[in-house]
Amino acid sequence: MMGMRWTNWLGLAMLVFFLFIHEPIWLLLGFHTTASGSTEFDTTKILWAIPVVAYVIVGAVLLIRGGPDHEKT
């Protein structure tokens, strides 16, 4: 599909997978809704944000950039 390499597909799969698991991760990071309907954040769980952000960045880079092109000219 339009010259996409396997690394591009891997990045796309990572981001699509993240769409399905974002709710449990949102809860794991410490976001929860109060009785009044506002969202509060538990600051003791902020370190979980680092691997989540890294996962999204890696997925986006793989989707956009991909790996080296080994086509012979």
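Descriptive notes on the structure:
- Long-range amide H partners of Gly66 with built H, under 5 Å: none
- Here the spin labels are modelled as points 7 Å beyond Cα on the Cα-Cβ line, and at Val53 and Arg5 they lie 2.8 nm apart.
FYI, it's all coordinate maths here, none of it is from the lab. On a predicted model such as this, the values are computed, not experimentally measured, just so you know. As a convention, Cβ positions derive from the backbone with ideal geometry for all residues, glycine included, and neighbour counts pool all protein chains shown.
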